[in-house]
Amino acid sequence: MSSTCYHCGQANPADTPFTITLLGETRELCCPGCEAVATAIKQNGLEDYYQFRTEKAAKGDEQILQTLDALSVYDEPALQEDFVYQTDNSKQIQLTVEGITCAACGWLIEKQLSRVAGINQVAVNIAERRALVSWNASTITLSQILKTLQKIGYRALPFQPDEHEKSFKAENNRFLKRLGLAGLMTMQVMMLMAALYFDWFGNIDQETKQYFYWVSLVLTTPVVFYSGSVFYIGALKALSVRSVNMDVPISIAVLATFFAGLKSTLLAEGEAYFESICMFIFLLLLSRFLEHRSRHRAATISANMQQFVPVTANILDDGDKPTQGLAKSLKAGQRVLVKSGETIPIDGTILEGSADIDESMLTGEFEPVHKQVGDQVFGGSVNRVGSIVIQVEKALKEALVNQIIRIQDAAMAVKPKAAQMADVFSQYFVVAVLLIALGSYLYWSVQGSEQAFWIAIAVLVATCPCALGLATPSALTCAMARLNKNGILLKRAEALEQVNEIDLIALDKTGTLTEGKFSLRHTWVSKGENTDQVLAIAATLESRSEHPLANAFAADNLLHLSDFKVVPGYGVSGHIAGADYKMGSVVFTAADSADFPAQANVFLSRNDSCIAAFEVTDKLKSNVIETLRLFDQQLIILSGDQQRQVEQVAQRVGITTYYGGHTPEQKYQLVQTFQQQGRKVMMLGDGINDTPVLASADVSVAVGNATDIAKSTADVILLKDKIDILPTLFNVSLQTKRIIRQNIMWAVGYNFCILPFAVGGLLSPWMAVIGMSLSSIIVVTNSTRILK
Amino acid sequence: MSIIYVLIPLAVLIIAIAIAVFFWAVKSKQFEDLDRQGYNILFDDDLSPEEKKLADERKRRNE
């Protein structure tokens with residue numbers, strides 16, 4: 001029987017050894033990471049978390065100890081300057097927290113941190129997935145705080161909101177205030193005017209009526225001049241560049257109605273429609289606010305991706321003495337020492353030494369590249385073996401990784417087409433509305449009607465595309481909330497509409513379909529060899545290797561090894577118990593591949609005769625095959641890994657079209673070719689090498705454990721590292737499209753039907769406003785159906 | 001009817017106070033995270049240890 005992990009909800013391995021007693025029952029867990037996290041939560045007496053959470057947690061980090069060590073970097077005072085605010089004796093920082101899935105997480109983090117000595121204040125924001133922490137610098141260090149969070153399963157990183165986001169937030173607060181004021185005032189004015197319209201008091205005398213008008217005037221003034229100011233500013237901006245937008249007729253209608261009302265109140269004659277103004281402004285603001293919020297949310301999510309990931313460098317001075325410094329402060333010409341296992345901080349050329357460098361994050365190729373004096377190395381790649389001194393070529397700003405980010409920025413800038421179309425359409429619409437209103441005013445004036453002015457106003461109000469304005473944002477906001485609940489973050493709301501048109505899904509292999517971790521699938525040994533012994537020899541040889549394949553052989557019973565050598569690109573060799581062993585590719589071990597099945601990809605030889613072969617593969621993620629079957633769209637695999645590896649995975653998941661060995665550039669071009677053939681492409685990926693192609697795809701999806709750069713490019717981010725929630729995205733987007741279409745049809749239909757009545761003078765302004773409100777309410781109610 | 005000359009200004013005054021409170025709430029970031037605070041009441045962490053034990057017992061008896 002397969003059970004799921006009590007902590008993170010993923011499938012447990014058969015007979016999982018990881019269990020814990022929580023809330024009075026034994027719970028099974030899937031991995032040591034989840035076990036460590038659950039134990040930490042229990043030990044701290046925070047079991048309540050499991051009782052009240054509404055979503056399963058993020059998966060625990062299996063390499064928890066390594067991760068914890070890496071955090072001490074954040075204690076460097078030079079690093080902290082950038083993102084820590086210092087007050088008298090405490091420091092404050094904003095952290096982005098990965099792994100927040102529901103409100104209980106916020107509680108857990110706050111409780112856990114407030115228990116730690118030295119922490120003054122913690123505030124967790126669930127919606128933004130951030131935490132504000134202030135602490136006493138003399139009792140606790142930043143890395144200790146981050147470690148505490150890591151232990152209960154949340155990965156927190158320092159973060160600095162950019163200017164863009166700050167202004168978004170300020171704008172949000174301004175909207176809230178305007179909306180609140182307009183809402184409260186509308187209720188009051190409505191109450192007074194309803195009394196007049198329906199005359200509940202019985203014969204209202206002129207004096208009382210005048211009194212009501214005055215009170216309404218007082219209440220309406222702040223709404224018109226404070227809440228409504230957004231529209232006048234928008235209209236003025238448009239007019240100053242000799243263009244018109246929706247704000248122009250709105251401003252005319254609001255101001256004209258207000259001043260006409262003011263005049264009738266002062267002169268104590270004629271009519272005033274203060275309640276109509278208030279409600280009009282309130283509803284329009286509401287639709288603007290909804291739209292703003294969905295954009296704000298998207299901006300926050302993408303800003304979280306721009307985490308402050310500091311890279312330190314060992315800078316060599318003139319006397320070859322290394323000093324720690326920040327990678328971003330490096331200048332061209334400086335020399336940097338990169339030891340084995342370290343990340344290369346910056347682009348440069350090798351001055352001394354040689355090394356095997358893992359460039360998989362740039363190229364997707366797992367095989368390390370051997371580099372010597374004079375070769376170029378790139379920032380972000382990892383030095384696997386050997387120690388090198390490099391000369392800095394370009395400042396970090398111009399490094400290759402950053403260039404990839406810039407390519408992607410450029411690719412993203414050309415995207416929105418639908419938005420431009422809507423702008424052009426609305427221009428014509430507005431001109432038409434203004435002309436119709438002017439026409440009706442002139443016609444009725446010539447007819448000698450006293451009502452000409454109010455008829456023109458009614459036309460402006462009735463044709464106001466308020467419901468039309470709400471149609472799309474309200475549906476998108478609901479869809480985003482629904483997707484968020486299912487673990488899908490939508491960064492670009494328009495992507496939801498494009499999802500429907502997708503007819504080709506391109507999948508990256510490593511990290512998307514597979515786990516990116518190698519395991520041993522099959523072992524074949526020659527006659528007369530003992531399998532256990534062969535495995536022990538293999539484990540011994542590979543224990544010294546840094547190659548990603550090596551982990552597949554990990555074992556405890558290691559033998560004595562001497563003369564160990566790594567031959568980059570081929571394999572490893574060594575001397576064990578009086579014999580020479582070689583392990584690696586067919587060529588290297590001089591194996592006759594006919595002796596072993598074709599799937600074998602690693603060979604072991606003793607004194608140059610092959611004694612065993614292994615099949616080492618990357619494990620498929622669970623549910624991948626079932627999920628892929630649900631799609632009608634054509635599926636292809638697009639990978640930077642070797643063609644043979646890609647072929648294997650493709651056969652296992654049943655995909656017939658696959659492209660292996662593609663560089664990021666080639667992937668990008670391939671997708672472009674498809675797009676030129678009129679295909680709409682969705683790309684799923686996780687690595688830095690996928691970023692350009694993610695940016696050029698019509699819709700891009702970053703899978704759970706993706707690199708930060710991939711996440712910042714993608715339109716859609718899956719919170720879990722499995723693709724089985726992807727069908728939900730398609731379902732919700734289809735539903736959203738339907739709802740948007742219904743909304744638009746209703747809104748446009750209403751506007752067109754009401755127009756003849758308004759022009760014909762059958763509609764007074766208050767009726768127009770009520771009609772418009774009802775129409776808006778219908779649209780919003782329709783949108784909320786997506787939430788269910 | 002003259003009572004409305006007192007009551008309506010009073011209502012306006014109360015509205016003015018309500019708006020002031022609302023503006024203060026927006027300014028002090030009370031609207032930043034609407035998902036989280038609703039759950040606070042579910043967690044028994046403001047109870048003293050003895051009360052918590054009693055609450056647990058009650059829970060067990062109800063089950």
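The values are calculated or read from the model by the stated rules, or taken from the named source; none is laboratory data. A quick note: this is a predicted structure, and the numbers were derived from the prediction, not measured. Cβ: placed from backbone, ideal geometry, glycine included. Neighbour counts: every protein chain shown.
Among the residues of the range A:215-236, how many are surrounded by fewer than 21 Cβ atoms within 10 Å (Cβ to Cβ) and either within 14 Å of chain B (Cβ to nearest Cβ) or in contact with a His (Cβ under 7 Å, 6 or more places away or on another chain) (or both)?
Qualifying residue count, the range A:215-236: 6.
Identify, please: which residue in the range A:622-658 is out of contact with any helix residue (DSSP H, G or I) (no Cβ under 7 Å at 6 or more places or on another chain) and assigned to a strand (DSSP E or B) and is, among those, surrounded by the fewest Cβ atoms within 10 Å (Cβ to Cβ)?
A:T657
Please determine, by comparing only the residues of the range A:111-132 that are under 26 Å from the mean Cα position of the chain (by Cα) and assigned to a strand (DSSP E or B), which one is farthest from A:Y50 (Cα to Cα).
Selected residue: A:L132.
Which condition number in (1) modelled with pLDDT under 80; (2) of a type in the set (A, V, I, L, M, F, W, C); (3) part of a helix (DSSP H, G or I) is the one that A:L438 fails?
So A:L438 meets the others, but not (1).
Being of a type in the set (V, I, T), within 30 Å of A:E615 (Cβ to Cβ) and at pLDDT below 85, is that true of even one residue in the range A:499-513?
Scanning the range A:499-513 turns up at least one residue that is of a type in the set (V, I, T), within 30 Å of A:E615 (Cβ to Cβ) and at pLDDT below 85.
Can you name the residue in the range A:671-691 that is in a helix (DSSP H, G or I) and touching a residue at least 60 places away in the same chain (Cβ under 8 Å) and, of all such residues, is nearest to A:A506 (Cα to Cα)?
Across the range A:671-691, the extreme among qualifying residues is A:V671.
Could you list all residues from the range A:86-117 that are among the hydrophobic types (A, V, I, L, M, F, W, C) and away from chain B (no Cβ under 14 Å)? It would help to see each step written out before you state the result.
Start the filter on the range A:86-117 by keeping residues that are among the hydrophobic types (A, V, I, L, M, F, W, C), which leaves A:93, A:95, A:97, A:100, A:102-105, A:107-109, A:113, A:116-117.
Scanning the range A:86-117 gives A:I93, A:L95, A:V116, A:A117.
Spot the failing condition for A:V459; the list is (1) modelled with pLDDT under 85; (2) in contact with a helix residue (DSSP H, G or I) (Cβ under 8 Å, 6 or more places away or on another chain), and only one is missed.
(1)
Does A:Q666 count as without any contact (Cβ under 8 Å) to a residue 24 or more places away in the chain and in contact with a strand residue (DSSP E or B) (Cβ under 9 Å, 6 or more places away or on another chain)? Write out each step before concluding.
Values: without any contact (Cβ under 8 Å) to a residue 24 or more places away in the chain: yes; in contact with a strand residue (DSSP E or B) (Cβ under 9 Å, 6 or more places away or on another chain): yes.
Considered against the rule, which asks whether it is without any contact (Cβ under 8 Å) to a residue 24 or more places away in the chain and in contact with a strand residue (DSSP E or B) (Cβ under 9 Å, 6 or more places away or on another chain), A:Q666 comes out as yes.
Go through (1) surrounded by fewer than 20 Cβ atoms within 10 Å (Cβ to Cβ); (2) within 30 Å of A:K722 (Cβ to Cβ) and name the single condition A:S562 misses.
The failed condition is (2).
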